[in-house]
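Working notes for the structure below.
The values are calculated or read from the model by the stated rules, or taken from the named source; none is laboratory data. No experiment lies behind these values; they were computed from the predicted model shown. Using ideal geometry, Cβ is built from the backbone for each residue, glycine included, and neighbour counts are taken over all protein chains shown. Each accessible area value is taken on the protein alone, full model and side chains, heavy atoms only, with ligands, DNA and RNA left out. Shrake-Rupley method; radii C 1.70, N 1.55, O 1.52, S 1.80 Å.
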Amino acid sequence: MRFEMLGSLRAVTGEGPESVSAPKVETLLSVLLIRAGQVTSTTRLADEIWGDRPPRRFTAAVHVYVYQVRKSLASWSGSAEDEDERLTTRPGGYVLRVDPGELDVVDFRELAADGWAHAAARRHEAASRSFARALSLWRGPVLDGLGGGPIVEEFVRWAEEARLECEELRIEQELALGRYERLITPLRALTAEHPLREGFARQLMLALHLAGRSSEALTTYREVSRTIDRELGLEPGRGLRELYATVRDGDQPLAPVA
């Protein structure tokens, strides 16, 4: 059985994907997966499910939801005995055991770490493949908009930032490999989707310039600059300004990776 959170929450078994239909049970399972291997107290689970308005007997309600998660786990795995060992009760809370290869978030972290290692050694092709494999695990918005408290919200923020960072790093490797033209279209889309993220704008300018389309690179800078000024009342960061000056003045050839 494999759990997937980089998209809608689901478990994938030999019979195909399975999901939890009850929102509060889904929130509880998400929190246990985020904190896999750690004890999560009943109080923290209640905070995630109900926020600052828990029911009077929230401990009993959490126990019911845990029972429903155990039933789902048993149904998905086909063994109630095994799933009693997977989700165990501890003093004050619960802990969910997730084995190696059973959680897509862990696989994402490991593939991204492999990409970092290859990039540090300037093995750009291998780095690009590792980052691409990490990104291929995403099926949509993380947890697909599932409601929750601080644990879920912080996880969603981290995951989205990690995805964008991974995308930037993958593109950086592709730039180092000289694949400028093929990067321009996806970078235009990323810049439009994340207009305040200067990393994508820098990469788009660099790809355009190195592809011999410097005038478009300058136009990109002006558009990004206007957006940042309109939204934040600021000018672009130093790195983007320096790249603009280099492209404008044509002082020297640029290295593929800044």
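For the reader, a short list of remarks on this structure follows.
- Rounded to the nearest 10 degrees, the inclination of helix 150-176 to the longest alpha-carbon principal axis of the chain is 30 degrees.
- For the range 12-55, the residues whose amide N sits under 13 Å from a probe point set 7 Å from the Cα of Asp144 along the beta carbon direction are 12, 17-23, 26-27.
- For the chain, the square roots of the Cα gyration tensor eigenvalues, ordered a ≥ b ≥ c, give a/c of at least 1.5 with a/b greater than b/c, which places it in the prolate category.
- Note on the range 99-224: Cα Rg divided by 2.2 N^0.38 Å, N the number of residues, gives 1.16.
- Put simply, the amide H of Gly93, placed in the peptide plane, has neighbours under 5 Å in Thr42, leaving out anything fewer than 5 places away on its chain.
- Zone residues, the range 59-74, relative to Glu18, backbone N less than 15 Å from point 7 Å out along Cα-to-Cβ: 67-74
- Fraction of accessible area attributable to carbon and sulfur, the range 166-258 (%, probe 1.4 Å): 47 percent
- Each residue of the range 105-113 is assigned a 3J(HN,Hα), and the resulting list reads 5, 5, 4, 4, 4, 5, 5, 5, 5 Hz, derived from the Karplus form 6.51 cos²θ - 1.76 cosθ + 1.60 (θ = phi - 60°), x at Gly and Pro.
- Tilt relative to the chain, helix 124-136 - C-alpha long axis, 0 to 90 degrees, to 10: 40 degrees
- Förster radius 35 Å - calculated FRET efficiency between His194 and Val64, Cβ distance, rounded to 0.05: 0.25
- Carbon-plus-sulfur accessible fraction, the range 1-129 (probe radius 1.4 Å, protein heavy atoms only): 48%.
- Average accessible area per residue (Å²) across the range 90-198 - probe 1.4 Å, nucleic acids and ligands excluded: 51 Å²
- Computed over the chain: relative contact order in percent, which uses C-alpha pairs under 8 Å that are six or more apart: 17 percent
- For the chain, the 222 nm mean residue ellipticity estimated from helices alone, with every DSSP H stretch of n ≥ 4 adding -39500 (n - 2.57) and the total spread over all residues, rounds to -20500 deg cm²/dmol.
- Its alpha carbons considered, the range 64-165 gives a radius of gyration followed by a Dmax of 17.3, 52 Å.
- Crossing angle, helix 180-193 versus the chain [Cα axis fit, 0-90 degrees, rounded to tens]: 60 degrees
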